[in-house]
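A.B. asks: I have a structure I would like to understand better, so I am pasting it below and will then ask my questions one at a time.
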Amino acid sequence: MRYPFPVGKSDFIQGDEAIARAAILAGCRFYAGYPITPASEIFEAMALYMPLVDGVSIQMEDEIASIAAIIGASWAGAKAMTATSGPGFSLMQENIGYAIMTETPIVIVDVQRGGPSTGQPTLAAQGDIMQAIWGTHGDHSLIVLSPSTVQEAFDFTIRAFNLAEKYRTPVVLLTDAEIAHMRERVHIPNPDEIEIVNRKLPANEEEAKYPFGDIHGDGVPPMPVFGKGYRTYVTGLTHDERGRPKTVDAEVHERLIKRIIDKLECNKADIITYDAYELEDAEIAIVTTGIVSRSAVRAVKILRERGVKAGLLKLNTIWPFDFDMIEELAERVKKIYVPEMNLGQLYHLVKEGANGKAEVELISKIGGEVHTPMEIVERVVG
Amino acid sequence: MYLKPAYEIREKYLRKDMLPTIFCPGCGIGSALQYTLRAIDDLGLNQDEIVWVSGIGCSSRVPGFVNFDGLHTTHGRALAFATGIKLTNPDLKIIAFMGDGDAAAIGGNHFIHAIRRNLDVTVILINNFTYGMTGGQVAPTALKGLKGTTAPYGQFENPFDIADLAVSAGANYVARWSVFNYLQGINSIKKALQKEGFSLVEFLSPCPISFGRRNRMKTSPELLRWYQKITVPLAKAKKMPPEELEGKIVIGEFADRDRPGLVREYEAYKKRAKKMMGWEE
């Protein structure tokens, strides 16, 4: 297989470009999108590469159509992705719910910008954390990953595809304008070095009869893609194990929704990753995610130099959320600080996790600039 | 034309465990569905190579009743989903079963853009001038003066002529009939299914319960008589002055052309890309 970009070596590229290349290496062969700052470069790279690798890149009429198209593509057997920013992400929410309900593996990149509304198109923000987790209606769960470097944008994109396929779920790669437009050195591995996960297909006719059941006991049913003769019916209505609508049956609804949520909750250990830095003997913990964690690393160094036993917990997976881990952390430290580029979205989750075992303080910043390390240090030392 | 007994069609194509359908007495969706299945049967198309897609509403429940791969999606978005399916697997033939609200209101943008792209899909459009499933609200196809729960004093807006819209947007095949024109209906669906690119067969379809009741036509036969009054065959309409056509609906075949479909266009685009990059001669 020939790739339209160098593989097996490093390249100096933007976050958006890294996401596009990673998607192609992860096996993505269908991209549908609608231009929006600061995510457009993902689309532009996909438009350039996709025809060359026999994939599809298509500009749809809006974001609603874009996510609809990738869900259709996924049911036809493709690994599929779309990318957008806050306003477009809002438009996609209904179909994100549809993808959750129909257990369709797709990847949605949300390059956050300042909001609400059209807000600050070119500036960075972390204002979509709650939207990514809770944007669609009804009881649901999905996976949200958050990179902090261009290399992580690359690595997490591959991981997003693998998790989507493994758990038959939409995965949101939640990044921001700062990472999207920043150029950094990225190692692009050889395709044979990359671990690729493909969706579980039905082994036989019998398995294909239960596209929404739990025949393997792991909560993830095999996915009978269209055109294989299985005659699968897929609906966003509450459906039984065979996919038949059962909209007024409370038991069927509860069984379906609980399985969809449990298949992620029960596999938290596999889905959730984080990086701990100087946390073993820490008395002060900084919990953060995305671009802000880079300032936080520096802040921890400065604090240690000043004799403050500080440590950092950088969350790579924002959802599912490991509330227990935060509680354990809260039991070990005196105080937790949550620096984030919004008025307190991750803070709510951390505070709930801490469960009163330690004080949790928000270090908020909005307007488009990332916290400087000193802004974090000054808040910690008072 | 030889018409097979209906039970043979039913046996072959319907999901028995999903019956009875949700449709009200006198509803026309079953007829349009029967014509579609007869067209598939007559053409000898492979059941495993057809995917049915739909949005929301009464007509959208059709993919659930037929024994094919099917995607019952969100309101108005059927054609956007279909775009992903078709471009991923061009071997699949796609039938989109849509309602008039689905296609012309909430999905209006998807509709015109799918036609503009000449997406390879056959749309069977149920036009009953109303939102049947949600209880008879007025639709963008409703002729002036028709009543709906959200226009209790009679529609004051101008209606969309869906077939006209499809012709202007560039569809390869466009026809409109009432569900009582069964031979023309079946023949048109057969033509549509064999077309590359976008094909549309629109059916004026009775909805006595949600629509008819509010417009003094409580039964299907009453709606049939009304269709007879308001429909004008295309050949006749061409000779009529515009003022006589006011409030009438023209039926017939409006477009039959062979512009390249989206699949073929994208295949050519891929070749062009590889050539421009020097990957291929």
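The values are calculated or read from the model by the stated rules, or taken from the named source; none is laboratory data. Since the structure is predicted, the reported quantities are computational estimates derived from the model, not experimental observations. Using ideal geometry, Cβ is built from the backbone for each residue, glycine included, and neighbour counts are taken over all protein chains shown. Side chains are part of the model used for accessible areas, which takes the heavy atoms of the whole protein and leaves out ligands, DNA and RNA. Shrake-Rupley method; radii C 1.70, N 1.55, O 1.52, S 1.80 Å.
A.B. asks: Based on what the data block shows, is residue B:6 away from chain A (no Cβ under 14 Å), open to solvent by less than 10 Å² (accessible area, probe 1.4 Å), touching a residue at least 12 places away in the same chain (Cβ under 8 Å) and of a type in the set (Gly, Ala, Ser)? I'd like the intermediate steps shown before the answer.
C.D. replies: Details: away from chain A (no Cβ under 14 Å): yes; open to solvent by less than 10 Å² (accessible area, probe 1.4 Å): no; touching a residue at least 12 places away in the same chain (Cβ under 8 Å): yes; of a type in the set (Gly, Ala, Ser): yes.
When the stated conditions are applied, residue B:6 does not pass them.
A.B. asks: Okay, next question. Pick from the stretch B:82-101 the residues that are open to solvent by less than 10 Å² (accessible area, probe 1.4 Å) and within 8 Å of another protein chain (Cβ to nearest Cβ): which of them is farthest from residue A:81 (Cα to Cα)?
C.D. replies: So, considering only residues that are open to solvent by less than 10 Å² (accessible area, probe 1.4 Å) and within 8 Å of another protein chain (Cβ to nearest Cβ), the one farthest from residue A:81 (Cα to Cα) is B:92.
A.B. asks: Run down B:139, B:114 and say which single residue is crowded, with 24+ Cβ neighbours inside 10 Å, in contact (Cβ under 8 Å) with a residue 12 or more places away in the chain and away from chain A (no Cβ under 13 Å).
C.D. replies: Unique residue meeting the criteria: B:139.
A.B. asks: Looking at B:202, B:196 in this structure, which one is under 22 Å from the mean Cα position of the chain (by Cα) and surrounded by 24 or more Cβ atoms within 10 Å (Cβ to Cβ)?
C.D. replies: B:202
A.B. asks: Determine which member of the set B:167, B:174 is surrounded by fewer than 19 Cβ atoms within 10 Å (Cβ to Cβ) and modelled with pLDDT of 95 or more.
C.D. replies: Selected residue: B:167, the only one of B:167, B:174 that is surrounded by fewer than 19 Cβ atoms within 10 Å (Cβ to Cβ) and modelled with pLDDT of 95 or more.
A.B. asks: A follow-up question, please. For residue B:13, which of the numbered conditions (1) within 27 Å of residue B:80 (Cβ to Cβ); (2) surrounded by 21 or more Cβ atoms within 10 Å (Cβ to Cβ); (3) not β-branched (Val, Ile, Thr) fails to hold?
C.D. replies: Every listed condition holds for residue B:13 apart from (2).
A.B. asks: So which of B:242, B:233 ends up being at pLDDT below 95 and either within 14 Å of chain A (Cβ to nearest Cβ) or open to solvent by 30 Å² or more (accessible area, probe 1.4 Å) (or both)?
C.D. replies: B:242
A.B. asks: Look at residue B:186 and say whether it is in contact with a strand residue (DSSP E or B) (Cβ under 6 Å, 6 or more places away or on another chain) and not in a loop (DSSP other than H, G, I, E, B).
C.D. replies: Taking the combined requirement at face value, the residue does not satisfy it.
A.B. asks: Now for a separate question. Just wondering, is there one or more residues in the stretch B:81-95 that are touching a Cys at 6+ places or on another chain (Cβ under 7 Å), under 21 Å from residue B:37 (Cβ atoms) and not in a strand (DSSP E or B)?
C.D. replies: Scanning the stretch B:81-95 turns up no residue that is touching a Cys at 6+ places or on another chain (Cβ under 7 Å), under 21 Å from residue B:37 (Cβ atoms) and not in a strand (DSSP E or B).
A.B. asks: With A:158, A:71, A:96 as the choices, which residue is modelled with pLDDT of 95 or more, under 22 Å from residue A:21 (Cβ atoms) and among the β-branched types (Val, Ile, Thr)? If you could, list the steps in order and put the result at the bottom.
C.D. replies: On the way: A:71 fails: under 22 Å from residue A:21 (Cβ atoms); A:96 fails: under 22 Å from residue A:21 (Cβ atoms).
The match here is A:158.
A.B. asks: If you don't mind, another one. Show me the strands (runs of 3 or more DSSP E) entirely contained within the stretch A:154-244 in which 1 or more residues are in contact (Cβ under 8 Å) with a residue 40 or more places away in the chain, more than 14 Å from every other protein chain (Cβ to nearest Cβ) and among the charged types (D, E, K, R).
C.D. replies: A:170-176, A:183-188
A.B. asks: I'd like the full set of residues that are in contact with a Leu (Cβ under 8 Å, 6 or more places away or on another chain), hydroxyl-bearing (Ser, Thr, Tyr) and over 18 Å from residue B:193 (Cβ atoms), limited to the stretch B:41-85.
C.D. replies: Result: B:83, single match.
A.B. asks: Here are A:205, A:241: which of them is open to solvent by 70 Å² or more (accessible area, probe 1.4 Å) and charged (D, E, K, R)?
C.D. replies: The unique qualifying residue is A:205.
A.B. asks: Something else: From B:259, B:216, B:225, which residue is open to solvent by 80 Å² or more (accessible area, probe 1.4 Å) and farther than 29 Å from residue B:148 by Cβ?
C.D. replies: B:259
A.B. asks: Kindly establish whether residue B:227 is in contact (Cβ under 8 Å) with a residue 40 or more places away in the chain and farther than 25 Å from residue B:87 by Cα.
C.D. replies: Taking the combined requirement at face value, the residue satisfies it.
A.B. asks: Does the stretch A:28-79 hold any residues that are more than 7 Å from chain B (Cβ to nearest Cβ), crowded, with 19+ Cβ neighbours inside 10 Å and not in a helix (DSSP H, G or I), and which are they?
C.D. replies: A:28, A:29, A:31, A:33, A:34, A:36, A:38, A:39, A:55, A:57, A:79
A.B. asks: What residue, among those in the stretch B:29-81 that are among the charged types (D, E, K, R) and within 14 Å of another protein chain (Cβ to nearest Cβ), is most open to solvent (accessible area, probe 1.4 Å)?
C.D. replies: Start the filter on the stretch B:29-81 by keeping residues that are among the charged types (D, E, K, R), which leaves B:38, B:41-42, B:48-49, B:61, B:69, B:77.
Then keep just the ones that are within 14 Å of another protein chain (Cβ to nearest Cβ); that gives B:48-49, B:61, B:69, B:77.
Numbers: B:48: 45, B:49: 89, B:61: 46, B:69: 5, B:77: 24 Å².
The extreme case among them is B:49.
A.B. asks: Is it fair to say residue B:104 is more than 9 Å from every other protein chain (Cβ to nearest Cβ) and either assigned to a helix (DSSP H, G or I) or acidic (Asp, Glu) (or both)?
C.D. replies: yes
A.B. asks: Starting from residues that are open to solvent by 40 Å² or more (accessible area, probe 1.4 Å) and within 14 Å of chain B (Cβ to nearest Cβ), keep the ones in the stretch A:1-27 and report whichever is modelled with the lowest pLDDT.
C.D. replies: A:1
A.B. asks: In this structure, is residue A:64 touching a residue at least 60 places away in the same chain (Cβ under 8 Å), touching an Asp or Glu at 6+ places or on another chain (Cβ under 8 Å) and assigned by TED's automatic domain parsing to the domain that holds residue A:180? Outline the logic, then answer.
C.D. replies: Details: touching a residue at least 60 places away in the same chain (Cβ under 8 Å): no; touching an Asp or Glu at 6+ places or on another chain (Cβ under 8 Å): yes; assigned by TED's automatic domain parsing to the domain that holds residue A:180: yes.
The answer is no for residue A:64.
A.B. asks: Hey, any hits in the stretch A:81-103 for a residue that's of a type in the set (A, V, I, L, M, F, W, C) and assigned to a loop (DSSP other than H, G, I, E, B)?
C.D. replies: Looking through the stretch A:81-103, none of the residues is of a type in the set (A, V, I, L, M, F, W, C) and assigned to a loop (DSSP other than H, G, I, E, B).
A.B. asks: Could you tell me whether any residue of the stretch A:105-128 is within 14 Å of chain B (Cβ to nearest Cβ) and open to solvent by 10 Å² or more (accessible area, probe 1.4 Å)?
C.D. replies: Within the stretch A:105-128, not a single residue is within 14 Å of chain B (Cβ to nearest Cβ) and open to solvent by 10 Å² or more (accessible area, probe 1.4 Å).
A.B. asks: Open to solvent by 10 Å² or more (accessible area, probe 1.4 Å), of a type in the set (Asp, Glu) and outside any strand (DSSP E or B): is that true of residue A:361 in this structure?
C.D. replies: It is false that residue A:361 is open to solvent by 10 Å² or more (accessible area, probe 1.4 Å), of a type in the set (Asp, Glu) and outside any strand (DSSP E or B).
A.B. asks: Separate question: In contact with a strand residue (DSSP E or B) (Cβ under 8 Å, 6 or more places away or on another chain), surrounded by fewer than 16 Cβ atoms within 10 Å (Cβ to Cβ) and not polar (S, T, N, Q): does that describe residue A:343? Quick ask: steps written out before the conclusion?
C.D. replies: Working: in contact with a strand residue (DSSP E or B) (Cβ under 8 Å, 6 or more places away or on another chain): yes; surrounded by fewer than 16 Cβ atoms within 10 Å (Cβ to Cβ): yes; not polar (S, T, N, Q): yes.
In short, yes.
A.B. asks: Before we move on, is residue A:258 part of a helix (DSSP H, G or I) and open to solvent by 50 Å² or more (accessible area, probe 1.4 Å)?
C.D. replies: Values: part of a helix (DSSP H, G or I): yes; open to solvent by 50 Å² or more (accessible area, probe 1.4 Å): yes.
The answer is yes for residue A:258.
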